[in-house]
Amino acid sequence: DKPLLDFLTAACREGYEQTMKRTIDKANGEGRNDEYEGSNLVEISIPVRSKYASPWSEPALQGGVRQLVMSFVPKSTKDGQLAGIMAIGQDLSEVAELKLVQDRKTALLAMLSHEIRSPLHGIMGLTQGLLDTEAGKTMARQLGMVRGCAARLLDLVTNVMDLAQGEKRKQEGCPMPRPNAPVDIASIADEVVLMMNSAVDKVNKPLVRPSVRLMNEIKGIRLPLIPGDHYKCTQMIYNLVTNACKFTEKGSVVLSAKYFEATKKMEVSVTDTGRGISKDGQKRIFQPFQQEQNGDARSFQGIGLGLAVCSEIAALHEGEIKVQSELGQGSIFTVTLFADGALGMAKSITDSDDLPKKSSVVDTLSEAKALVHPLTNGARRLVLSVDDDEVNQEVVRGALRDEFDVVCAMDGHEALKFLETRRKQGTQQPD
C-alpha cells in the first residue's frame, strides 16, 4: 500500500500536508480554538493512467487527472487518543473540465473577435476608397452592399467581443472599474441618428423605413456631462436605436433624455411605435442570444446580442436599463445613468451646428484631410502612418494621397527610425 501523498500531483501536495497537520493538531488539542468547521477542506488532484490518452494530450481533457474535494475528520479511541483520520470526498473532475472548456471558449471568442475586426475595417475602408473613384462609381451599388455587409458583421463582432470580455472578467473576479471620462449624451445622440440615416439592412434597404420618422428630441437640450466611456455609451444608444428601427414598420422612433437634478440621474429613452414585446419576451431579451419570438420577428437580422450588450454597458456605468412594452403598442427602452453635474454642462447641439455627415472609422480617415490643411506655399504636407496591417495602411494612403505625402511604418521602431533619420538630415518632419 502507498500513502495518499504519493498519488497526488506536486501542485496540491503542500495544501494537503498543511490540511492534514491542521486536522491532527485540532484532534490533539493543539489547534486554535477559534478555527471554524470546514477549514479542513482541501482540493487535491490525482493523476489517472488512461490507455486512451496520448503522451502529448492534456490530462484534464483526457480524464488523466481526477479533481477531488476532500474533508478530513479525526477518528479517536474511547480514551480520546487519535486513532486515525477519515477522509470524505467528492469527485469534481467533470466540473473542472467544464470550467476549462468555458475558459477556453471565452478566450477564443475574445481573440477571434479582435482578429476579425481589423480585416473588417480594412474591407470598409477599401470599398469606400473605391466608391470615391470614377471606376468605383460604375459599381456603386455592389460596393455599397459590400460595405453594408462588413458594417453589420463589424457590429456583431463588436458585441461578441464585449460580451466575451465581460464574461472573462466575471470568471476572474476582476470587474472592470467604472469609466469616468466626460461623456456628452446629446452629441452621441446626434451621432447615432446620423449613422442610422445611412444604415442599410441585410437586403440593402434603408434601416429607417420611409414610413418611419426618426426623431432626436435631445438636440438643443442642455444636459450635464456624465462620467463614463464615450465609445461604450455610443454603442449602447446605437444598439437601442437600431433595434427600434428594425422592428418599427411605420410611425416613429424617438430618442429623448431627461435630467433629474434632485436624484442626480439622467434617463435616456428610445420610444418606438413598433410591434411591441410580449411579457414573456421582456424577461428574456436582455440575455445573450435571446430574441422576441413574436410573429415574424425571426425574419429580421441579428442573433440577440444587442440588448445584452446594452445591459452590460449600463451595469458598467452603475446604471440600469428597463423596458415598457405591449404587443402592438410599441416599446420604450429607458437607460438610467448617474449624472451629478460635477463635470459641467455639455454644449447643446442645434441643427445649425457643423456636424459630420457620418461617423465611422472609415469616414474619420477620409476626413483627415480637413484636419491637416495643405501648406499655403504649395508644398505638400507629410503624414506618417504607423500600423502593422497593410490593409489599414492602404486605406490611409488612399484617403490622403491626393493632397499629402504619406509614409507608412509597420511598427513603432520603424517609425522612430524614420523620425530620427529625418532629424539628422534636417528635413521636414511629419505633420
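Kindly indicate whether any position in the range 191-202 is within 30 Å of GLU326 (Cβ to Cβ), more than 22 Å from the chain's Cα centre (by Cα) and in a strand (DSSP E or B). The answer is yes; a qualifying residue exists. Of all the residues in the range 395-416, those that are in contact with an Asp or Glu (Cβ under 9 Å, 6 or more places away or on another chain), surrounded by 15 or more Cβ atoms within 10 Å (Cβ to Cβ) and more than 17 Å from LEU126 (Cα to Cα) number 2.
Take the residues of the range 419-431 that are modelled with pLDDT under 90 and surrounded by 12 or more Cβ atoms within 10 Å (Cβ to Cβ): which is farthest from ARG381 (Cα to Cα)? The qualifying residue farthest from ARG381 (Cα to Cα) is ARG422. Candidates GLY251, GLY274: the one that is modelled with pLDDT of 90 or more and surrounded by 22 or more Cβ atoms within 10 Å (Cβ to Cβ) is GLY274. Close Cβ contacts (under 8 Å, 6 or more residues apart or on different chains) running from residues in the range 172-189 that are surrounded by 11 or more Cβ atoms within 10 Å (Cβ to Cβ) and acidic (Asp, Glu) to residues that are in a loop (DSSP other than H, G, I, E, B) and modelled with pLDDT under 90 comprise ASP184/ALA346; ASP184/LYS347.
A residue that is among the charged types (D, E, K, R), more than 22 Å from ALA346 (Cβ to Cβ) and in contact (Cβ under 8 Å) with a residue 60 or more places away in the chain cannot be found anywhere in the range 204-218. Whether any residue in the range 194-214 is open to solvent by less than 50 Å² (accessible area, probe 1.4 Å) and closer than 30 Å to ALA262 by Cβ is what I want to check. No, the conditions are met nowhere in the range 194-214.
Can you spot a residue in the range 234-250 that is charged (D, E, K, R) and part of a strand (DSSP E or B)? Checking the range 234-250: not a single residue is charged (D, E, K, R) and part of a strand (DSSP E or B).
The values are calculated or read from the model by the stated rules, or taken from the named source; none is laboratory data. The structure displayed is predicted, hence computed values, not measured ones. Note that we place each Cβ from the backbone using ideal geometry, even for glycine, and neighbour counts take in every protein chain shown. Side chains included, ligands, DNA and RNA excluded: accessible areas come from the protein's heavy atoms. Shrake-Rupley method; radii C 1.70, N 1.55, O 1.52, S 1.80 Å.
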